[in-house]
Amino acid sequence: HLQRGKNNDAIIAACIFLACRQDNAPRTFKEICALTKVDRKDIGRTFKFLKSKLGAATGTTSSNDLIARFCANLNLDQDTRRITEILTRKAKDMDNISGKSPVSIASACIYLSSHLMGCGRDAKAISEIAGVGEATIKATYKTLYANRKELLTPDIFARTPKANEANLPTP
């Protein structure tokens, strides 16, 4: 029995989460919570249960899976999105960023790249779109800013003349 002792709403929410991942349209737990009104822990617990019972291959959600959607919802242009993706790939390899969630990394990289490109979005706007706290965005940005010499390599500035390090806010 798949559902013995399980909340039906949690099963539906976990199925939505699983289906989105399998269809390469991943959503965060917070997004599924907002949609279904089911507690995040219940969705996570039921998702793990279903995944093991069904033997479903889901992969993991990376920051880059979320960036296109978040940037579109923030009305950011393609150049800003591409730079965000580059920064995210570089940031994930940094020691002091490892352990942060993909959503936190994506959000902080959007904050950095939007300012770099002169179309800065504030942490509050990004927080509302991404479902990450403003303080988390700012704390992760602070780490990125401290390592900006490692992140902001010449290839980024070669992609677009709009990119300007002087646009970055000091944390």
*asked:* Starting from a Cα-only point model with no solvent, please compute log10 I(q)/I(0) by Debye for the chain at q = 0.09, 0.13 1/Å.
replied: -0.35, -0.66
_Relative contact order (%) - the range 88-127, alpha-carbon pairs under 8 angstrom, separation at least six_ = 30
*In the neighborhood of GLY44, defined by Cβ-to-Cβ distances under 12 Å, what is the net charge if each Lys or Arg adds +1 and each Asp or Glu adds -1?*
+4
*Each residue of the range 63-69 in turn: what ³J(HN,Hα) in whole Hz from Karplus with 6.51, -1.76, 1.60 and θ = phi - 60°, glycine and Pro shown as x?*
4, 5, 5, 9, 4, 4, 5
*Computed [θ] at 222 nm, deg cm²/dmol, the chain (DSSP H ≥ 4; -39,500 (n - 2.57); rounded to nearest 500)*: -19500 deg cm²/dmol
*Using a 1.4 Å probe over the heavy atoms of the protein chains, calculate the carbon and sulfur portion of the accessible area of the chain as a whole percent.*
49
*Percent relative contact order of the range 1-143, based on C-alpha pairs within less than 8 angstrom and at least six residues apart?*
19
*Straight-line reach from LYS90: which lysines have a Cα under 27 Å away, not including same-chain ones fewer than 8 places off?*
LYS30, LYS100, LYS124, LYS138, LYS142, LYS149, LYS162
*Under a 1.4 Å probe, what is the accessible area of the chain per residue, stated in Å²?*
53
*Where nothing but the Cβ of Lys and Arg (+1) and of Asp and Glu (-1) is charged, how large is the charge dipole of the range 50-101 around its Cα centre, in debye to the nearest 20?*
260
*Angle, helix 102-116 long axis vs. longest principal axis of the chain, Cα atoms, 0 to 90°, nearest 10?*
20
_Net lengthening on full extension, LYS142/ASN167 (0.36 nm per residue, minus Cα-Cα)_ = 7.5 nm
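The values are calculated or read from the model by the stated rules, or taken from the named source; none is laboratory data. What you see is a predicted model; the values in this text were computed from it and never measured. A quick note on method: Cβ atoms are made from the backbone with ideal geometry, for glycine too, and the neighbour counts reach across all protein chains shown. For accessibility, only protein heavy atoms count, side chains too; no ligands or nucleic acids. Shrake-Rupley method; radii C 1.70, N 1.55, O 1.52, S 1.80 Å.
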